[in-house]
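Enquirer: Dropping the structure in here first, questions after.
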Amino acid sequence: MNRAFAPLLIVVVVVVVAIFSGVFYQVNEREQVIITQFGRPVSGPITNSGLKMKLPFMQSVRRFDKRILEWDGAAEQIPTLDKRFILLDTTARWRIVDPLRFLQAVGNERSAQSRLDDIIESAARDVVSGHELIQVVRNFQRYLEAPAPPQDSPDGASQEEAPASGETAQADNTAATPAPVKSDAELEERLGREELSLLMAKRAQEILPNLGIELIDVNIKRINYVREVEEKVYERMISERKRIAAQFRSEGDGESARIRGGMERELDQIQSEAYRQAQDIIGQGDAEAARIYAEAYGASPEFYSFVQTLETYKETMQGNANLLLTTDSDFYRYLKGDAQNGGASTPPAP
């Protein structure tokens, strides 16, 4: 009975020793493995998942992440091409594509992060210092194409109205004429933040040594002015807004003056027209009064003279006014009576 259980016991002991001595190890889907013996790699990268075996005690397992990793740099002060100091905060994505080379050159992910700090920040500094601030801030690349002038046919008709043969000839001429080629300097002037991010990744990949790392992309996370420049920027923004406000006020004052001038001109025109009409009416009234007076004077000159003299007496002899007249004065003619009537005043017959 003991002899029957002896082989089973030996197998159990061997399995237990193998398990606790580290003969078996597991590789999951998120990692890749390098087997080292006394610190030196003895196998290529193991990337497929499953249960694996190695020599106990002498060999060890070095595990590396197979997923995309994130690098987050610290914000650093960088001058742009137009001498504007900004705080640039960048981030990047990378992954380990050659774990053996990565193990030999870097060793672990912490050391890789440190190497990426120097490489990506240097690339970002080179790119930003070679471009203006507006190129770093804006989020696109501008391509401003000048519209082609309309082509007219020889008989005066437009290109759309030309016959089919003319369209074919024009198409042949267009195909024969080469399109203008933009120089690198012209394209460089229209770069935006996305293009600069690609340029940073390309520059970092060029200076990145063979570390078994693939740099996927570099992105600008945040852009801000340094504190010394920020106050000047705010002051410039305030002065710019004040200038715009002053322009709006001046335009408003000009419009107000134009409206007031039009109003005053229209008011003067209305008043002058009203004055002209009033003078016409007054003139017509005076003419009518003069006509009536003339008719009355023509009908009875003596009575008209008497009435006018009485009006003159009324306007002249008011209050305590004193009037000195001679006896032969015409003004006294209606006040003195006929001497034959005992000095009584005899008014003329109407």
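The values are calculated or read from the model by the stated rules, or taken from the named source; none is laboratory data. Just so it is clear, the model here is predicted, and its values are computed rather than measured. Every residue, glycine as well, gets a Cβ built from its backbone with ideal geometry; the counts of neighbours run over all protein chains shown. For the accessible areas, the whole protein counts, side chains as well, though only heavy atoms, and no ligand, DNA or RNA atoms are used. Shrake-Rupley method; radii C 1.70, N 1.55, O 1.52, S 1.80 Å.
Enquirer: Run the accessible area of the range 19-65 with a 1.4 Å probe and give the carbon-and-sulfur part as a rounded percent.
Expert: Details: 1680 of 2970 Å².
Percent of accessible area from carbon and sulfur atoms in the range 19-65: 56.
Enquirer: Between residue 37 and residue 293, what length in nm is gained on full extension when 0.36 nm per residue of separation is reduced by their alpha carbon distance?
Expert: Values: separation 256, 0.36 × 256 = 92.16 nm, distance 14.42 nm.
Gain on stretching residue 37 to residue 293: 77.7 nm.
Enquirer: For 250, 43, 197, write out the residues from largest to smallest accessible area, computed with a 1.4 angstrom probe and no ligands counted.
Expert: Values: 250 65, 43 40, 197 10 Å².
Descending order: 250, 43, 197.
Enquirer: Something else about it: Given the whole protein assembly as supplied and a 1.4 Å probe, what does the accessible area of residue 85 come to in Å², nearest 10?
Expert: 80 Å²
Enquirer: Follow-up. Which distance in nm do the two modelled labels at residue 108 and residue 95 give, with both placed 7 Å along the Cα-to-Cβ direction?
Expert: 2.4 nm
Enquirer: In terms of solvent-accessible area of protein heavy atoms at a 1.4 angstrom probe, what is the ranking of 91, 316, highest value first? Working shown, then result.
Expert: Details: 91 25, 316 65 Å².
Highest to lowest solvent-accessible surface, that is 316, 91.
Enquirer: Could I ask something else about it? To the nearest 20 debye, what is the magnitude of the charge dipole of the range 19-65 about its Cα centre, counting +1 on the Cβ of each Lys and Arg and -1 on the Cβ of each Asp and Glu?
Expert: Values: 6 positive and 3 negative charges, 29 e Å.
Using only the charged Cβ atoms, the result is roughly 140 debye.
Enquirer: If I model a spin label as a point 7 Å beyond the Cα along the Cα-Cβ vector, how far apart are those points for residue 276 and residue 237 in nm?
Expert: 6.0 nm
Enquirer: Averaged per residue, what accessible surface does the range 19-65 expose to a 1.4 Å probe, in Å²? Spell out each step's value before the answer.
Expert: Working: 2970 Å² over 47 residues.
Result: 63 Å² of accessible area for each residue.
Enquirer: Something else now. Please list 67, 125, 249, 193 in order of solvent-accessible area, largest first, computed with a 1.4 Å probe with all protein chains present. It would help to have the intermediate numbers written out before the result.
Expert: Working: 67 125, 125 90, 249 155, 193 60 Å².
Per-residue accessible area, sorted high to low, gives 249, 67, 125, 193.
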